[in-house]
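The values are calculated or read from the model by the stated rules, or taken from the named source; none is laboratory data. Treat the numbers as computed from the prediction; the structure is a model and nothing was measured. Methodologically, a virtual Cβ is constructed for each residue, glycine included, from the backbone with ideal geometry; neighbour enumeration extends over all protein chains shown. Accessible surface is based on the protein model in full, side chains and every heavy atom, while ligands, DNA and RNA are left aside. Shrake-Rupley method; radii C 1.70, N 1.55, O 1.52, S 1.80 Å.
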Amino acid sequence: RPDVAASAALDMYLIRRTAMWLSKFRGGGIVAIADTFGMQLFGELDYVREAKNCERFRELYGSWDDVVVPTACTKLTRKKVMVMEWVEGTKGPWKGSDGIDMVRIGLRCSTDQLLKSGLFHADPHRGNLLRTPQGHLAVIDFGMMADIPEGDRYGLIGLVLGLKTKDLALATENLLKLGFLEDTTQVDILVPRLRKALKDATGGTNKASDLSFSQLQVELDAISRDNLLKFKIPPYITIIIRSLTILEGFALDVDPNFRLIRGAYPYVLKQLLSPEGIDETPKALDDLLVRLLTVNGEKKEVEWGRLRDLLVLAEKASKSYDPSKDNDEDKGSVSRKSIDLF
């Protein structure tokens, strides 16, 4: 497609003009979202950039036992020509236990990207994920990537925790930090709407383990359309939700009962409690844990009840369990104990 750059430029011009017009009638920061989409789109047309992304991703995840990342031949790659190692594998969907294994590997890798490295693969659809003959997950196509700053990664966790535990101060603090709000004047209106959005995205159960990312995207968009609220969705949030929605669809195609959040528990907790590969706890994570686990976040007195729940959950999550099942009768189950914490 030799004329793709000109075609994409025209498309982005029309999209951005439309976004500017729509922004007069609705909120949500859609011009910034359009700009981020444009950056991603033109980034995919630059193969030198993609080769560098591939090598960065390979340095982070190429050494994992169950993940394969091809080598980019940077010396032979030019802006319009990409040369990369061939990877043998089959595209999804994969049925049965093989499919579940692939989803778990992908989920662990995505969680690590969000909580640890910050280099996020923003296009994990079935054409970009392969099952190798050895049963490993091969990741390809690094044109659409995002770098998510450490403060934003842990701020997002803090926001979810604040909404779930009804900690208004924690939720407000992270809404401002992440750029959802410019000031605190509308917090009393927005926080209840966000909590309702989370509840609706779980199908009304209000259980974090039932969260649907595709429905969450619909709920957030509904809030952003309200021009009375000075609420905007940071562009990188749309990238994260889109990627998790794709992975969620992958999982549900393999097993309709699989719950992405429930499956991510062990990896989230591992990174929160014992982050690997770093000499000291990241400041953003340290601030979040202090805010979460000490009374009023003052670092003077431990919030023992919340710490107990966290440790019990971590102990449960360290064991083997099936993310497609949720035993409501077992009050010690991972998902049930996760309600207060997550």
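At a glance:
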| quantity | calculated |
| --- | --- |
| Of all residues making up the range 109-148, the number that are in a strand (DSSP E or B) and under 14 Å from LEU247 (Cα atoms) | 6 |
| Residue selected from the range 97-139 under the condition open to solvent by less than 70 Å² (accessible area, probe 1.4 Å) and among the hydroxyl-bearing types (Ser, Thr, Tyr), by the criterion nearest to LYS283 (Cα to Cα) | SER117 |
| Helices (runs of 4 or more DSSP H) completely within the range 1-96 that count 1 or more residues being open to solvent by less than 90 Å² (accessible area, probe 1.4 Å) and under 23 Å from VAL139 (Cβ atoms) | 30-44, 47-61 |
| Selection count, the range 1-59, where residues are touching a helix residue (DSSP H, G or I) at 6+ places or on another chain (Cβ under 9 Å) and over 23 Å from LEU119 (Cα atoms) | 19 |
| Where a residue in the range 289-312 is part of a loop (DSSP other than H, G, I, E, B) and its partner, wherever it lies, is of a type outside the set (A, V, I, L, M, F, W, C), with Cβ under 7 Å and at least six apart | LYS300/THR294; GLU301/THR294; GLU303/THR294 |
| Matching residues in the range 95-136 - criterion: being under 14 Å from LEU60 (Cβ atoms) and not hydroxyl-bearing (Ser, Thr, Tyr) | ARG108, CYS109, ASP112, GLN113, LEU114, LEU115, LYS116, GLY118, LEU119, PHE120, HIS121 |
| Only listed residue being more than 19 Å from PHE258 (Cβ to Cβ), touching a helix residue (DSSP H, G or I) at 6+ places or on another chain (Cβ under 9 Å), free of Cβ contacts under 8 Å to residues at least 24 places away in the same chain and among the small types (Gly, Ala, Ser), chosen from ALA122, ALA171 | ALA171 |
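Here's the yes/no breakdown for (1) open to solvent by 20 Å² or more (accessible area, probe 1.4 Å); (2) in contact with a helix residue (DSSP H, G or I) (Cβ under 7 Å, 6 or more places away or on another chain); (3) hydroxyl-bearing (Ser, Thr, Tyr):
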site: ASP200; (1), (2), (3): yes, yes, no
site: GLY204; (1), (2), (3): yes, no, no
site: ILE237; (1), (2), (3): no, no, no
site: GLU248; (1), (2), (3): no, yes, no
